[in-house]
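What follows is a short report on a single structure.
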Amino acid sequence: MSDTHNAPVIAADGTPLKARLARALFRRKLDAFLLVSPLLVFLLVFFLAPIGWFLSKGFHDDLFSTEMPNTSAVLADWDGTTEPTEAHYAALVTDLVETRKTRTIGKVATRVNRELSGSRSLFTSTARKAAKMEAPFKDALIKTKKDWGEIAVWQAMKAASRTFTIGYYANALDRRQLADGSVVAQPEERRIHVKLLIRTLEISFQVTLYCLLLGYPIAYLLATLPNRTSNLLMILVLLPFWTSILVRTTAWIAMLQSQGVLNDVFVFLGVTPDEARFSLIYNKLGTLIAMTHILLPFMVLPLYSVMKGIPPSYVRAAKSLGATNWTAFWRVYAPQTVPGIGAGAILVFIVAIGYYITPALVGGQDGQMISNFIDFHMRRSLNWNLAAALGTVLLLVVLTLYWVYDRVVGIDNMKLG
Amino acid sequence: MTSGPNVDAFVEFERVQKSYDGESLVVKDLNLSIGKGEFLTMLGPSGSGKTTCLMMLAGFETATHGEIRLNGRGINNIPPHKRGIGMVFQNYALFPHMSVNENLAFPLQVRGLSKSETESKVKRALDMVQMGAFGNRRPAQLSGGQQQRIAVARALVFDPELVLMDEPLGALDKQLREQMQYEIKHIHENLGVTVVYVTHDQSEALTMSDRIAVFNDGVIQQLADPETLYERPDNSFCAQFIGENNKLGGKVIAIDGDTATVEFDDGATCKALACNCEGVGERSLLSIRPERVKIESSQTPDSVSARVLELIYLGDHIRCRMDVHGHNGFIVKVPNSAGHAQMNVGETVNLTWEREDCRALDVI
Ligand SMILES: Nc1ncnc2c1ncn2[C@@H]1O[C@H](COP(=O)(O)OP(=O)(O)OP(=O)(O)O)[C@@H](O)[C@H]1O
Ligand SMILES: [Mg+2]
């Protein structure tokens, strides 16, 4: 009996059963893979690759080193504290002449300007005269602009010349990488990103909380009302979902602005005098109100689908066992909706944390979120590297929270429907 | 059926009506009194209003009209959680997020019992259903039969005087169902609680009940102990719903005392016990249990002739399908005893039965 246990089982055609099974399973896996491969390729080409490329900009910046190869070479050996020598100045002039010819001096100047603000014109104006300069270049440059004698300018260039840099991440976290590679905190007045990140998290948490508070009763009603009524209610919940975000956000502007519907009503009711209308919009409050409204369906739908699956007999059983309505709800019903709360909360939170258009339109100054800054650096300041660094920081924060959530609640506890 | 307040009734329905939509009555004029410690089964086809009655008793539905009393006290306005009625649901309704122990402790905790008292009661209840070793499992980790036991234990753990069970065994396979029937019955006998049990399985009702209320269309058709219900059904619905039954349609041509003479459509006549027939000239359905029919070799004055259509050998008995005066679904069970009558398909035989076993009932 025991040796039949150990001997490999043979299939009908004489091959070992294990091998046959593996072959059969491989076919199945191959089929499955072929079915998903178009989507996989699409995602790879249009989603993962661009994102990866973009995120790599957060730590990879070869603009200075490619445009100013001679300067970069000499700066690589420079310790960052001693006086730059004639060799440095000569390399700089060669590069300035070249970049002026290829019209890339503007980019280079902008790049160095990020390290040392105010240094932009130094580069552009010097580059114009560089072609006519003659050795010794050190004197010639300092004669043109005496700033060239400043060591800070050279330190800024050394920082800019690093191809792989943690400078942008440092910046995204309100720090600064010095020429010698050390990282220090930014001066007080330039620390904005961490504050912004905290505000973004705070707004997202608040929006999630308000969505839960508002969405839970609605979802409960939807799940318990008779079908005809609940379908109508469901349409009301979904109607905003089908409307463009832009329309909804501008509708909120009409509602909330100081000459808007809500304020008019307040004035009419005498809640506030005409000259002291509430500022409900173009601030954090506006962002909170509009985002809560827009993200509400993301909370209601998972909650609803979970609640719909809870048979009424549970609450009945609880009551028959002597529980009051409140106890039955709190100890029997609510715990069973936790998967829905988890799914809804994580959906709302993740959508909220990267929310952009609504804060941009109704957020004013203190209602801006980090994605608005990312957008600013993408389109206005054209500092894509910093945008990438900010984006990566945001991504890491989300992943960390997700991990914490998994630890505390458990992802498999989540139910999307 | 009794009506009006009954002194020793524990649960009483008095003229209870229920309508969900305001148009049709799901329960029509229900009068029912249940004694203390009784095991009463509500039996009836799907949609006959059994669950509705149970829900009204438990307090999850309100009676549209009439009064329900528990222990002499009207409970129409008492919320479910104050009624102190244990309940076993068809899908068990064990709380999925709590362990078995927590499920059982729940009714005790909401009643504010001390921790030690709770623990000992939970343990006792689990032992009662032989599930002592499963206290730490989640309901999802139990088999259907085990969940069922836990549901029963939970309904009993807080010592209610009345327990309602709505088709508690509906989801179990036949063998387990039969085993659980005995177990529930024994628990009932040991604890002396009053049980109102709902099922649409008639053999379950016969096995377990002290009395059975047969429901149809929102009306109790008959309320009686199992034996009476089987032996002496009040009407054709009960006769056909409970057990196997032969029905023969005919017209009453004479009633003499409690004996009715019924004429079949082909002109043959037969005598029956007049139970629930309208009177001379009206149609009636005769009801005879298959095992009460005897096959005689020779013709007698009371015998009825029949032609054998089909013979099915079933081991302990032989099932014969016969044609009796134009009714070709007439079944006779012939015990497979030594020297039982030999029959062949197509043969004509003579059937006899005791007059009391052939009941002339209403036509449905
Ligand atoms: N909540 C409700 N709303 C409207 N009608 C209902 C409701 N519950 C039950 N009914 C109707 O009442 C009638 C009786 O239902 P009930 O549930 O009491 O039947 P039942 O005897 O328990 O049947 P089953 O054996 O199938 O469980 C049915 O016709 C049903 O459609
Ligand atoms: Mg039912």
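A few points about this structure:
- Counting charges near A:Met234 (Lys, Arg +1; Asp, Glu -1) among other residues having Cβ under 12 Å from its Cβ returns a value of +2.
- Cα long-axis angle, helix B:174-191 against chain B (0 to 90 degrees, to the nearest 10): 60
- Averaged over peptide A:308-320, the number of partner chain Cβ atoms lying within 10 Å of each residue's Cβ comes to 6.
- Averaging over all projection directions, the Cα-based convex hull of the stretch A:57-117 occupies 4.6 nm² in the image plane.
- Average beta carbon contacts from partner chains per residue of A:322-331, 10 Å cutoff: 5
- Relative contact order for chain B, counting Cα pairs under 8 Å that sit 6 or more residues apart, in percent: 15
- Taking a straight line from the alpha carbon of B:Lys115, these lysines sit under 25 Å away, with near neighbours fewer than eight places off in the same chain left out: A:Lys319, B:Lys82, B:Lys123.
- Summed residue charge, Cβ within 14 Å of B:Asn216's Cβ, Lys/Arg positive, Asp/Glu negative: -2
- Note, ³J(HN,Hα) from phi for the stretch B:302-307, Karplus 6.51, -1.76, 1.60, rounded to Hz, x at Gly and Pro: 8, 7, 10, 8, 8, 10
- What separates the Cα centres of the stretch A:189-239 and the stretch B:272-307 is a distance of 74 Å.
- Cα long-axis angle, helix A:120-130 against chain A (0 to 90 degrees, to the nearest 10): 40
- Counting only other chain Cβ atoms within 10 Å of each residue's Cβ, the peptide B:80-89 averages 5.
- The Cα atoms of the stretch B:11-228 cover 47, 38, 30 Å along the three principal axes, with the biggest extent listed first.
- Within the same chain, lysines fewer than 8 places from A:Lys143 are excluded, and of the rest, those with a Cα less than 23 Å from its Cα are A:Lys101, A:Lys129, A:Lys132, A:Lys158.
- Across the stretch A:354-359, computed HN-Hα scalar couplings (Karplus, 6.51 cos²θ - 1.76 cosθ + 1.60, θ = phi - 60°) run x, 6, 10, 5, 5, x Hz from first to last residue, x flagging Gly and Pro.
- Span from the the stretch A:252-278 Cα centroid across to the the stretch B:186-222 one, whole angstrom: 67
- Relative contact order, percent, the stretch A:193-413 [alpha-carbon distance under 8 Å, six or more residues apart]: 28
- The protein assembly as shown - convex hull of alpha carbons, volume per residue in Å³: 339
- Each other residue within a Cβ distance under 14 Å of A:Phe123 adds +1 if Lys or Arg and -1 if Asp or Glu, for a net charge of +3.
- Its alpha carbons give the stretch B:1-82 an Rg and a Dmax of 12.2, 37 Å.
- Amide hydrogen neighbours beyond the local backbone of B:Thr269, cut-off 5 Å, H modeled: B:Phe264
- At 1.567 mPa s and 4 °C, Stokes D of the stretch A:205-276 from Kirkwood alpha-carbon radius, µm² per second: 87
- Percent of beta bridges antiparallel (DSSP, chain B, rounded to nearest 5): 75
Quick note: the coordinates plus some simple rules give every number you see, no bench work behind them. These figures come from a predicted structure and were not determined experimentally. Neighbour counts run over all protein chains shown; Cβ positions are idealised from the backbone, glycine included.
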